[in-house]
Amino acid sequence: MKGLFIINPNAGMRIFQSGAHDVAKHLAAAGLLTDWRFVYTQKGGDAFDATSKLSPGEYDFVLTAGGDGTINETVNGLVTSDCGIPMLPLGAGTTNDFVTALGIGRTPATIEGLIKEYCVKDVDVGVCNGHYFINVTSGGVISAIAHSIPAEQKAQFGILAYYSVGLKELGEGNLPTSRIRFKTPEETFEESVFLLVVANSCQAGGFQNIAPRSKLDDGLFDVCIVRTLGHFDVLPIISLMQAGQHTNDKRIRYFQTSAISAELVDGDGPFMLDYDGESAGPMPLDVRMSDRKLKLIVPGRSLKVKKLFGS
């Protein structure tokens, strides 16, 4: 096989990146890899540039190692090129939500098993304000926290950096709420919103079951709207969301849809948006399913994967 390796050397705690070449050598020694190329990203857009002009059959797989943002750039490049080359995402960032949801490991032996099995699934791709995404679009607290943390702090402390900043925000009494008007193919409604999640997979923001009904190939998003919260509601809601037991809670509005748009009606400030770790700026929001699919290499016998696919 021929493989393209896209590595973000500065993602997360930088543990995997130093051994990336050893992975390629391991695959070659196992007789699975005959030709390969490495691209080390230096700035935003590098992963997109490396994949957006690929031709069908140019590689047998694109292995991308980085955080959710690096994976998103690769997704945008592969979907834009329409090359049909499967992606193998490896989590080397801080939260690695999408990779964690799929249960994909990153040891040489694990990667060898994935390439040898070569189980390829077609995955839904969403469009957020003109940008492709594969995992989640969110707004409110998650976006505000994620983009307020310096890269150096993320690299040093990992996901603890998110939790420390989040707890500090809550401890200072900052529970911002915005009045937002939503429109889906099924209905139009308004809500006072603390947190918005439009999910393709089950995991976002470190919450492993934030969208417990999600499937990666059903053509639907799972929308989770957390309504106005009091201080004493926060920890119980976090506990319910982590366990995936929040979908019928009165403080939550949870539903599935193929498209959703939103505009700010009233609020103390802009309602910031995020797609797969990339900032989407403030409202308004327009999310829909793309008519294109992404091919993904997954651990075919994994129970996590079986739960995330309808077929």
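Each reported figure results from applying straightforward, stated rules to the coordinates on display, with no laboratory input. This is a predicted model, so every value here is computed, not measured. Here the Cβ is made from the backbone with ideal geometry for all residues, glycine too, and neighbour counts use every protein chain on show.
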Cut-off 17 Å, label 7 Å out along Cα→Cβ of F255, residues of the stretch 261-282 by amide N: 261-263
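Calculate, in nm to one decimal, what E263 and H231 gain on full extension: separation in residues at 0.36 nm each, minus their alpha carbon distance.
Details: separation 32, 0.36 × 32 = 11.52 nm, distance 2.58 nm.
Going from the current span to full extension adds 8.9 nm.
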Pair D82, M1: separation of 7 Å Cα→Cβ label points (nm): 2.6 nm
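Kindly provide the trypsin sites (Lys or Arg not before Pro) of the stretch 212-311 that DSSP labels as loop, not H, G, I, E or B, and whose Cβ sees at most 10 other Cβ atoms within 10 Å.
Filter output for the stretch 212-311: K250, R301.
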GluC sites (Glu not before Pro) lying in DSSP loop within the stretch 62-124, provided at most 16 other Cβ fall within 10 Å: none
Computed label-point distance, nm, for sites D122 and N248 using a 7 Å Cα→Cβ extension: 3.5 nm
Unsatisfied cross-links (Cα-Cα over 27 Å) in the set K25/K295; K2/K293; K116/K293; K53/K215; K183/K304: K53/K215; K183/K304
Spatial separation of Cα centroids for the stretch 71-85 and the stretch 286-311, in angstrom: 15 Å
Model label zone, R181; criterion: amide N under 13 Å from point 7 Å along Cα-to-beta-carbon; scope the stretch 244-265: 261-265
Calculated from backbone phi, Karplus (6.51, -1.76, 1.60) coupling profile of the stretch 249-259 in Hz, x at Gly/Pro: 6, 5, 8, 10, 10, 10, 7, 10, 7, 8, 7
Spatially proximal aspartates and glutamates relative to K43 (Cα-Cα < 20 Å; intrachain offsets below 8 disregarded): D68, E73, E152, D274, D276, E278
Total charge dipole magnitude, the stretch 184-311, about the Cα centre, Cβ charges on Lys, Arg, Asp, Glu only, Debye to nearest 20: 940 debye
GluC sites (Glu not before Pro) lying in DSSP loop within the stretch 171-252, provided at most 12 other Cβ fall within 10 Å: E172, E186, E187
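Quick check: residue separation of A28 and K295 times 0.36 nm, minus the Cα distance between them. What number comes out in nm? Provide the component values of the computation, followed by the final result.
Details: separation 267, 0.36 × 267 = 96.12 nm, distance 2.30 nm.
Going from the current span to full extension adds 93.8 nm.
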